[in-house]
């Protein structure tokens, strides 16, 4: 029996009223007195040596503040995992749109012309743009071999499996770059005062990432750098690492000018210059028995990291660890590699490598099914990880998960079997083809491996003078509901009404480092710390004899007021401690990769129009086990939103590259789904219970990004009988294939195009 | 930055915003969006793309939903404009705002002002729209967070409540 009052209910979003009335303050809504506007002069070539910079005629250059790499007080880098990415290029540029100079002026309208008037002469160097070119090492553009990072995951004895195999199934799968396309473009405001140091306000996910980057850039101690998050209009990973660069630029201009400086990107600058999802290529070679059991296999997972290392190593490890999907592999070898190309660095985007490798795995499962002659349902059922079995990293599944049951439920609510039968009967009778596809998958919550131990997050809960409670975290709200759910957790732990609990603004002057708001970790990891810090408050009041074990909310309030009036500031802290039985080897990628996995079975139903070759998703079932659902409305919103982005990833969103630069950096030519493009997305939660996270919650945010692409492409194959192994899959791709396919030729009203 | 260059081409333009008569001194071709945000400090309308694609700058002009990033302010002379700030009174939310809160129609909030105005516009034209008509009516407003379902549900609920009222 659970007696929770607030957990599991859909309380009102904390900042909801401000959002629906337009009162929320985003960074571009903020104006400071005598503020300047900043702009960035960027490389127009993919790779070369800067020869000469000329400030062209027709511009009153003396009105401008101008900053180059020479003006950087500390180290010229954007400190992250490594520090290979310069803040401003000084001699060499390694990708189009690489920042070289910064300009600021009181009138924002004069900036574009000024940026245009700066001409830069280069000695161009040969550039590389694809994974294949990078691997060929025809040009070395990074390190000794163009390789940012490799991982090797090994389990069992793969070399011995091939001779025992009844089938050896091979496939190659690729995914394209994807733009996060938050509707609020990136932006920052910076101020500098010699005595106080620097302050930045901005649209961002990770205040302490920026804090660290600015300390290195400006050679300042921690207390002289302050980072404040404004209301943030969408992020999805796109505001994880790139905001450090914009903050750095605004700060340099603010130091140079002595005035506040605002940099807000317009849509095209945001799209062409900032990070995207890593393009990927995955090769599978799998040994399978005649009854459809996976005996072993090799997976080669490669991602394109762009020109600098940034987060590629961690995107790679998550992608590699998820590459085997939710299946039992007695023997496996996963080789993973992140390589350099002369494109802007690719970065964090919801799912963080897993959507790429899981697309491959789930397409490959259908290929195995066809080869063996089993249904997509049956092949999965025979290979699901079971309780007590070990993943590819030798993590033993200790959750009472039954993936077969999860899949059965998804089949039932999607009416899978009846539809499958109906489609195959009706498919030859019209100018459309219908199909239905499955994806089953998992997503690890929290940082990978020892990541959480290194982060060592700290959370505070404060009892205030009026008896209300404030949660102190650097975890940020950008639509997911951070403020709401963390308040629920604290309110539940203290027995208080939800309305009495709130979050402090994510301001590094006020809040401790509870880690970045990424990796589906906020509710599970940070939430658990909030719960324990809240209990610390309660415990203090009890041991001070101000409160009884059993107490009402009013009694708590009175006790809290009294405590603050007697002792002053009243705060309780909680720091992350890894569970004692956790083992992880960073070098070998072996051990407990994640504290918990979320599990899912998604089913997509599609129609392919043989006249237009357009694919429409008609119905989508998203069924998952994410532990306890703390806020049903927000959780459902996360799933639907993630599925919508997954549908975009599959069928709409294509980045067109030319010489390392995105050519379609506008919302008019980079197409994301509108309200008329999406099917009903039907969301189901199975709660099997998990003991790890706050009140039994696991991570949820990234999971829904993983399943749509393979489910949809599996459905397209079901409809057409033609496999497609790349995304995005656009109508022209289908037309090309069908026109070339004798079996399908003449099937459509256009006679096969 | 000379005074004359700033002043050149500026005109006085008058219109009504959220029931109040306003006169602004602005460049004739300045975008209505910038005039609202910078001259009148009505920052509820947001710039998402600056080319009329995303709808986050939507406002109502003489009862028509417009992308304020595409409207030169001169065109607003004499117009009656409603922005998100004009929808709720001090304490009472508009029925669409209420429904957005209850049904999860707002996540990050950046598309929300434009989306709500698009919904108000839709319900002004059609009292009981179907789900398809709602999707169609909101298809000029992009949202990256929600996948639209909870927005469509909120608008359907607002329509229901308005008919009951």
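The values are calculated or read from the model by the stated rules, or taken from the named source; none is laboratory data. From a predicted model like this one, the values you see are computed outputs, not experimental measurements. As a convention, Cβ positions derive from the backbone with ideal geometry for all residues, glycine included, and neighbour counts pool all protein chains shown.
Report yes if residue A:8 is away from every other protein chain (no Cβ under 14 Å) and closer than 30 Å to residue A:502 by Cβ, otherwise no. Here the answer is yes, as residue A:8 does meet what is asked.
Each row is one residue, and each column tells you yes or no for (1) under 21 Å from the mean Cα position of the chain (by Cα); (2) assigned to a strand (DSSP E or B).
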site: A:244; (1), (2): yes, no
site: A:247; (1), (2): yes, no
site: A:253; (1), (2): no, no
site: A:271; (1), (2): yes, no
site: A:276; (1), (2): yes, no
site: A:286; (1), (2): no, yes
site: A:300; (1), (2): no, yes
site: A:303; (1), (2): yes, yes
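Remark: residue A:343 matches the filter, which requires a residue to be within 30 Å of residue A:86 (Cβ to Cβ), within 26 Å of the chain's Cα centre (by Cα), outside any strand (DSSP E or B) and modelled with pLDDT of 95 or more. Residues considered: A:296, A:238. Of these, the only one that is over 21 Å from the mean Cα position of the chain (by Cα), in contact (Cβ under 8 Å) with a residue 24 or more places away in the chain and outside any helix (DSSP H, G or I) is A:296.
When residue A:734 is tested against (1) modelled with pLDDT of 95 or more; (2) in contact with a strand residue (DSSP E or B) (Cβ under 6 Å, 6 or more places away or on another chain); (3) crowded, with 20+ Cβ neighbours inside 10 Å, only condition (2) is not met. Within the range A:304-313, one or more residues are within 20 Å of residue A:590 (Cα to Cα) and either buried (at least 24 other Cβ atoms within 10 Å of the Cβ) or modelled with pLDDT under 95 (or both). Applying the criterion of being more than 11 Å from chain A (Cβ to nearest Cβ), in a loop (DSSP other than H, G, I, E, B) and in contact (Cβ under 8 Å) with a residue 40 or more places away in the chain to the residues of the range B:55-71, the residue that is surrounded by the fewest Cβ atoms within 10 Å (Cβ to Cβ) is B:63. Would it be correct to say that residue A:688 is within 13 Å of chain B (Cβ to nearest Cβ), assigned to a loop (DSSP other than H, G, I, E, B) and in contact (Cβ under 8 Å) with a residue 24 or more places away in the chain? Judged against the criteria, residue A:688 is not a match. Look at residue B:52 and say whether it is surrounded by fewer than 20 Cβ atoms within 10 Å (Cβ to Cβ), more than 11 Å from chain A (Cβ to nearest Cβ), in contact with a strand residue (DSSP E or B) (Cβ under 7 Å, 6 or more places away or on another chain) and not in a helix (DSSP H, G or I). So residue B:52 fails the test.
Among the residues of the range B:132-165, those that are out of contact with any helix residue (DSSP H, G or I) (no Cβ under 9 Å at 6 or more places or on another chain) and at pLDDT below 95 comprise B:163, B:164. Give me the residue from the range A:210-224 that is surrounded by fewer than 24 Cβ atoms within 10 Å (Cβ to Cβ) and not in a loop (DSSP other than H, G, I, E, B) and, out of that set, nearest to the other protein chains (Cβ to nearest Cβ). Filtering first and then ranking leaves A:211. Checking the structure you have, find out if any residue of the range A:379-387 is assigned by TED's automatic domain parsing to the domain that holds residue A:288, in a helix (DSSP H, G or I), in contact with a strand residue (DSSP E or B) (Cβ under 8 Å, 6 or more places away or on another chain) and farther than 30 Å from residue A:80 by Cα. Yes, because at least one residue in the range A:379-387 is assigned by TED's automatic domain parsing to the domain that holds residue A:288, in a helix (DSSP H, G or I), in contact with a strand residue (DSSP E or B) (Cβ under 8 Å, 6 or more places away or on another chain) and farther than 30 Å from residue A:80 by Cα. Within this structure, residue A:70 fails the test of being in contact (Cβ under 8 Å) with a residue 12 or more places away in the chain and part of a strand (DSSP E or B). Screening A:637, A:665, A:642 for residues that are farther than 30 Å from residue A:412 by Cβ, buried (at least 18 other Cβ atoms within 10 Å of the Cβ) and within 14 Å of another protein chain (Cβ to nearest Cβ) leaves exactly one candidate, A:665. Among residues of the range A:16-34 being surrounded by 21 or more Cβ atoms within 10 Å (Cβ to Cβ) and assigned to a loop (DSSP other than H, G, I, E, B), the one that is nearest to the other protein chains (Cβ to nearest Cβ) is A:22. When residue A:710 is tested against (1) under 30 Å from residue A:342 (Cα atoms); (2) part of a loop (DSSP other than H, G, I, E, B); (3) in contact with a strand residue (DSSP E or B) (Cβ under 8 Å, 6 or more places away or on another chain), only condition (2) is not met. Taking the range B:72-161 and the helices (runs of 4 or more DSSP H) fully enclosed by it, the elements with 1 or more residues that are touching a strand residue (DSSP E or B) at 6+ places or on another chain (Cβ under 6 Å), facing chain A (nearest Cβ under 10 Å) and within 25 Å of residue A:639 (Cβ to Cβ) are at B:112-125. Scanning the range A:599-611 for residues that are touching a helix residue (DSSP H, G or I) at 6+ places or on another chain (Cβ under 6 Å) and not in a strand (DSSP E or B) yields no hits at all. Just so you know, in the range A:225-235 the residues that are over 22 Å from residue A:37 (Cβ atoms) and under 19 Å from the mean Cα position of the chain (by Cα) include one that is nearest to the other protein chains (Cβ to nearest Cβ), and it is A:234. The helices (runs of 4 or more DSSP H) found wholly in the range A:471-588 and carrying at least 3 residues that are surrounded by 15 or more Cβ atoms within 10 Å (Cβ to Cβ), more than 14 Å from every other protein chain (Cβ to nearest Cβ) and out of contact with any helix residue (DSSP H, G or I) (no Cβ under 9 Å at 6 or more places or on another chain) occupy A:553-567.
Annotation note: of A:280, A:289, the sole residue that is within 30 Å of residue A:363 (Cα to Cα), surrounded by fewer than 20 Cβ atoms within 10 Å (Cβ to Cβ) and in contact with a strand residue (DSSP E or B) (Cβ under 7 Å, 6 or more places away or on another chain) is A:289.
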